[in-house]
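*Asks:* If you scroll down you'll find the structure; I have some questions about it.
The values are calculated or read from the model by the stated rules, or taken from the named source; none is laboratory data. None of the values given here were measured: they were computed from a predicted structure. Because the Cβ atoms are built from the backbone with ideal geometry, glycine has one as well, and the counts that use them run over all protein chains shown.
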Amino acid sequence: MIIKVVNPNTTASMTRMIAKAASAAAGPGARVVATTSGSGPASIESHYDEALSVPGLLAEITGGEPADGFVVACFGDPGLDAAREVASGPVAGIAEAGMRAATYLGRTFGVVTTLGRATGRTWELAHRYGVAAQCRGVRATDIPVLDLEADSSARARILLECRAAIETDGAEVIVLGCAGMADLCADLRRELAIPVIDGVAAAVAAVEGLVRLGLGTSRIGEYDRPPAKPYRGLLAGFELGGGPGAVTRVR
């Protein structure tokens, strides 16, 4: 089984860290292939970034080495619906997987993320995924995504917000709200002595389970293949075709 984990930003060092977390979560017989988007922003920290990350994400989903399942490794779950329409196997976003996993482990959870401007999007996703009632809060560290690797104070600031989520908000489980925090998960779990969830690992486990069960995305209704039509300009290479159920490789 091959699980492709796509980093929708263009920062290769983050992909390497994501790959390590994803590979550690994969079970026997599952191989993780981590890829970096070939186009788009260096990090995804705004709606603008998110929108412009989607073409590169979809190119990785539909191109390259064939895979049995896919993970979108950004906590905003950019392009998740579109990816499900065109992917050859099941697709999980790390926000959805992380928050759903949290509900298995405690009555309540809290999300600790990067910038304050991301909190509204996280709440929006919690409502969409039906877990907002269990979410006790979304706390921001105000650390830019690309500073997670370079800022020596990042771990301490994340830990501080995790403690506040537990002691002030009443969270029984912590969900880390950025793929760039994946390498801190085990350390924070030991420090806090409660479940701390990295969405990358949770999404890999979810996709692997679906593949092992022989389940894929439904092709009736909303996630049926997109209808073929002309695309022009910069997106001409994303035109789909080949008849019902077929998707040409995005160039």
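*Asks:* Are any residues in the stretch 185-196 surrounded by 15 or more Cβ atoms within 10 Å (Cβ to Cβ) and in contact with a Leu (Cβ under 7 Å, 6 or more places away or on another chain), and if so, which ones? First the steps, then the outcome.
*Replies:* Step one: of the stretch 185-196, the residues surrounded by 15 or more Cβ atoms within 10 Å (Cβ to Cβ) are 185, 188-189, 192, 194-196.
Correct list: Cys185, Leu188, Pro195, Val196.
*Asks:* Against the definition (of a type outside the set (Phe, Trp, Tyr), within 17 Å of Arg121 (Cβ to Cβ) and modelled with pLDDT of 95 or more), how does Ile61 come out, yes or no?
*Replies:* The answer is no for Ile61.
*Asks:* While we're looking at this one, here's another question. Restricting attention to the stretch 1-54, which residues are part of a strand (DSSP E or B) and either more than 16 Å from the chain's Cα centre (by Cα) or among the acidic types (Asp, Glu) (or both)?
*Replies:* Here is the first cut: in the stretch 1-54, the ones part of a strand (DSSP E or B) are 2-7, 31-36.
Matches in the stretch 1-54: Ile2, Arg31.
*Asks:* Continuing with this model, one more query. Scan the stretch 204-225 for residues that are surrounded by fewer than 12 Cβ atoms within 10 Å (Cβ to Cβ) and in a loop (DSSP other than H, G, I, E, B) and report the count.
*Replies:* Going through the stretch 204-225 one residue at a time, the tally reaches 5.
*Asks:* Could you say which residue among Ala171, Ala201, Ala164, Ala182 is touching a Lys or Arg at 6+ places or on another chain (Cβ under 7 Å) and either in the same structural domain as Gly89 (by TED's automatic domain parsing) or buried (at least 23 other Cβ atoms within 10 Å of the Cβ) (or both)?
*Replies:* Just a single option satisfies the conditions, and that option is Ala171.
*Asks:* Then there is this: With respect to the numbered conditions (1) part of a helix (DSSP H, G or I); (2) touching a residue at least 40 places away in the same chain (Cβ under 8 Å); (3) surrounded by 14 or more Cβ atoms within 10 Å (Cβ to Cβ), which one is the sole condition not fulfilled by Leu235?
*Replies:* (3)
*Asks:* Can you report the number of residues in the stretch 12-48 which are surrounded by fewer than 19 Cβ atoms within 10 Å (Cβ to Cβ), under 29 Å from Gly116 (Cβ atoms) and either of a type outside the set (D, E, K, R) or in contact with a Gly (Cβ under 6 Å, 6 or more places away or on another chain) (or both)?
*Replies:* The number of residues fulfilling the criteria is 7.
*Asks:* Ala51 passes all but one of (1) among the aliphatic types (A, V, I, L, M); (2) under 29 Å from Arg136 (Cα atoms); (3) surrounded by 22 or more Cβ atoms within 10 Å (Cβ to Cβ); (4) not assigned by TED's automatic domain parsing to the domain that holds Gly177; which number fails?
*Replies:* Status for Ala51: all satisfied but (3).
*Asks:* Take the conditions surrounded by fewer than 17 Cβ atoms within 10 Å (Cβ to Cβ) and touching a residue at least 12 places away in the same chain (Cβ under 8 Å) and apply them to Ala228. Does it pass?
*Replies:* yes
*Asks:* Pairs under 6 Å by beta carbon, first residue over 17 Å from Ala19 (Cα atoms) in the stretch 64-87, partner modelled with pLDDT under 95 and crowded, with 24+ Cβ neighbours inside 10 Å, six or more apart or different chains?
*Replies:* Qualifying pairs under 6 Å: none.
*Asks:* Inside the stretch 55-87, can you point out the residues that are within 12 Å of Tyr223 (Cα to Cα) and either over 11 Å from the mean Cα position of the chain (by Cα) or β-branched (Val, Ile, Thr) (or both)?
*Replies:* Asp81, Ala82, Ala83, Arg84, Glu85, Val86, Ala87
*Asks:* For the stretch 168-193, give me each residue that is among the small types (Gly, Ala, Ser), more than 26 Å from Arg16 (Cα to Cα) and in contact with a strand residue (DSSP E or B) (Cβ under 8 Å, 6 or more places away or on another chain).
*Replies:* Gly170, Ala171, listed by residue number.
*Asks:* Next question. Considering only residues that are in a helix (DSSP H, G or I) and free of Cβ contacts under 8 Å to residues at least 24 places away in the same chain, look in the stretch 114-153 and name the one that is farthest from Phe75 (Cα to Cα).
*Replies:* The extreme case among them is Ala150.
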